[in-house]
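What follows is a single structure, written as structure tokens, with notes after it.
The values are calculated or read from the model by the stated rules, or taken from the named source; none is laboratory data. Just so you know, these numbers come straight off a predicted model, no measurement behind them. Positions of Cβ are generated from backbone atoms using ideal geometry, with glycine treated the same way; all protein chains shown enter the neighbour counts. Quick note on the areas: whole protein, heavy atoms, side chains included, nothing else; ligands and nucleic acids left out. Shrake-Rupley method; radii C 1.70, N 1.55, O 1.52, S 1.80 Å.
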Amino acid sequence: MLPDSSHCVVTSIQALYLHVPFCHTICPFCAFAVHGNRTALHRPYLDALRDEIALRGKTHGTPASAVRAVYIGGGTPSTLALDDVAHMLQSLRRNFKLAPDAEIAFEVNPEDALPEYLAGLLALGINRISLGLQSFDGATLAALGRGHDAGQSRAAAEALQSAGPDNFNLDLLHGAPGIGGEAFRRDVQAASDLRPAHLSLYILDVEPGTLFARNPQVRQWAATHREAQGEAFLWASDFLTARGYRHYEVSNYCLPGREGRQNLLVWEGANYLGFGTGAHSHVDGMRWHNHRHLRPYLRCLEKGRAPDHYRESLTPAQRANEALMLALRRDTGIDVAQWERTYGFLWGSRRERIAHRLVQEHKARRDGSRLALTPQGFLLADGITEQLMVES
Ligand code: SF4
């Protein structure tokens, strides 16, 4: 079903996401909607993106309150020229009211993190840069099939520090096949030495449809190293907490007050719009995502239609479960009484027994009506959420 764009829906959109699907090389673990960097496709894609922003701006733009966060991700947005980034931001500003203090975040890959490019991004008003390092270690980067080496990781981190955005994030990835936990520990140490406002630490998942998933040795490595990865995850949580970082979400750490605003808004259930291939949106209980592949995405916009691939209105049970899942991924956890009042479901004795057991096993903390997972619990967040969900 396509959105009805014949009338203006005055809802408050708090966050915008722009997807840039091009990458210099495709990493063998990546399950995102991405394409090799065919520069001939940049122009048609950016034109379509501009049209989508204008189309959705007609139904959802310039409502009562202003957008508080913009995130330009991918893919690799830094495959784009600065002029193209400037045009994307102009389209956004033409169609949506951005708050004066909006956080505008942009993902950069190390091979693009040159001083003049970073300075150009900051001059365009981008005030948060997320660097997709994954590692400082040459063997880890090679095992991950990344397009950059250890020297480029180091140079990129230094260039980012000198460029001066005080709000930057470093991404690290643990679990490269054949690489032990020591390299990850050194990475976490080196990254935190740079004192970024934010760190994202991911554990490699062998996702269906990726090159890694087709490699039996990689699958075997992942299956036999889950426990070691869990130990490294807990070590990183202790280590970074001791260094003043807050482990505020399963995969995310920040210095006090420096949470990623886009993430926070999405996790809090705010309304957000996503533009570009595969981008997701959520507005007042309606959720949809765009076509993942370029051709149908471009075709829809050529015909002046929204590029929705799938759209659903969330049921009360889906809304309650989504809120539960997002809350349990954060260190603030879920306020059970408030969840009952908001979604109209009873927490009940079955969930209370599960919560009690989790606390006894040090996988959760209880503070009055609030239940929050500990780092041990974060490791099992998906399974725990499943046990607590309401039936839909
Ligand atoms: S650079 Fe990032 S988005 Fe692109 S293929 Fe690699 S992991 Fe995926």
Can you name the residue in segment 315-326 that is touching a residue at least 60 places away in the same chain (Cβ under 8 Å) and among the small types (Gly, Ala, Ser) and, of all such residues, is farthest from TRP267 (Cα to Cα)? ALA317
Among (1) more than 14 Å from the ligand (Cβ to nearest atom); (2) closer than 27 Å to GLU207 by Cβ, where does GLY151 come up short? (2)
Any idea which of ALA197, ALA143 is open to solvent by less than 10 Å² (accessible area, probe 1.4 Å) and either at positive phi or in the same structural domain as THR25 (by TED's automatic domain parsing) (or both)? ALA197
Going through segment 118-147 in order, the residues found to be away from the ligand (no atom under 16 Å from the Cβ) and in a helix (DSSP H, G or I) are LEU118, ALA119, GLY120, LEU121, LEU122, ALA123, GLY138, ALA139
Within segment 296-352, tally of residues that are in a loop (DSSP other than H, G, I, E, B) and open to solvent by 30 Å² or more (accessible area, probe 1.4 Å): 10
Would you pick out the residues in segment 25-54 that are more than 15 Å from the ligand (Cβ to nearest atom), small (Gly, Ala, Ser) and surrounded by 20 or more Cβ atoms within 10 Å (Cβ to Cβ)? ALA48
If you check GLY75, GLY61, GLY57, which single one turns out to be modelled with pLDDT under 95, closer than 30 Å to CYS27 by Cα and either crowded, with 21+ Cβ neighbours inside 10 Å or in the same structural domain as PHE22 (by TED's automatic domain parsing) (or both)? GLY75
List every residue pair whose Cβ atoms lie under 7 Å apart, where the two residues are 6 or more positions apart in sequence or sit on different chains, the first residue falls within segment 34-62 and is more than 13 Å from CYS300 (Cα to Cα), and the second residue, located anywhere, is assigned to a helix (DSSP H, G or I) and among the charged types (D, E, K, R). HIS42/ASP84; LEU46/ASP84
Restricting to segment 192-241, what's the tally of residues that are assigned to a helix (DSSP H, G or I) and more than 22 Å from LEU170 (Cα to Cα)? 15
Do we have ALA99 as more than 19 Å from ALA279 (Cβ to Cβ) and assigned to a helix (DSSP H, G or I) here? no
